[in-house]
1. Suppose a student asked you for the relative contact order of the range 61-132, using Cα pairs under 8 Å spaced at least 6 residues apart; what percent would you report?
2. With the radius of gyration and the Kirkwood radius both derived from the Cα set of the range 122-162, what is their ratio Rg to Rh?
3. Tell me, which longest segment in the chain has none of the trypsin sites (Lys or Arg not before Pro) that fall in DSSP loops with at most 11 further Cβ atoms within 10 Å?
4. How much mean residue ellipticity at 222 nm does the chain get from its helices, if each DSSP H run of length 4 or more adds -39500 (n - 2.57) and you divide by all residues, to the nearest 500 deg cm²/dmol?
5. Ignoring the sites themselves, what is the longest stretch of the chain with no GluC sites (Glu not before Pro) in a DSSP loop and at most 16 other beta-carbon atoms within 10 Å?
6. Counting every Cα pair in the range 1-71, what percent are over 18 Å apart?
7. Report which label in [x] 116; [y] 92; [z] 138 holds the value of volume of the Cα convex hull per residue in Å³ derived from the coordinates of this structure.
8. Which whole-number percent is the relative contact order of the chain (Cα, under 8 Å, 6+ apart)?
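Where a number appears in this text, it was derived from the coordinates with a stated rule and is not lab data. What you are looking at is a predicted structure, and each value in this text was computed from that prediction instead of being measured. Here the Cβ positions follow ideal geometry from the backbone for every residue, glycine too, while neighbour counts run over all protein chains shown.
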Amino acid sequence: MIYNAAQCIGPDGECLGTHRKLILPPGFEADHFHPGAGCTVFTYRGLRIATLICFDIEFPETARHAAELGAELLLVPTALGSQWGWVGRTMVPTRGFENGIFLAYANHSGTESGMSFLGESFVSSPDGRELIRAGAAPAVLTAEIDVTLVRAAQARLPYLADRLKIALPSP
């Protein structure tokens, strides 16, 4: 089976974590890849990290799944087209806020094979603040991550805990 997958590699070359894309958009990806079966969380320098790929982050359930597994930082490599600015500027940062976790969104930039990419990679904090954002050009971003902010955000707005109290009917 072939998957759209990502690996997080540490500075010593060790594979820290892997992710197989969960939700495949119609077209090329759905025609050529198999979907993954869930998120995994790995720990690096005391921080619990999960990865989603591109379209995965556009569904609240996938980010919630990673947060419920204990992720404090969500890494999202993506190739979002320039026509989807609202997704990269509004929807995606909301996923970090509604789960009280850091989110690092690494988007492709420039033009390739006739497609223009948004760029605008960013890192956001658990309280929804944008810590840093790139423009349309390639860039290297760095941000300070204080894990105590995750616990503070989740205590202030306990979406994760309160969600478990809701009895929803099955579809």
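1. Relative contact order comes out at 32 percent.
2. With Rg and the Kirkwood Rh in hand, the quotient comes to 1.11.
3. With a cap of 11 other Cβ atoms within 10 Å, the longest stretch comes to 46-164.
4. Mean residue ellipticity at 222 nm (helix-derived): -5500 deg cm²/dmol.
5. Here the longest segment lacking exposed loop sites spans 15-143.
6. Roughly 40 percent, once rounded to a whole number.
7. Answer by label: [z].
8. Relative CO of the chain lands at 14 percent.
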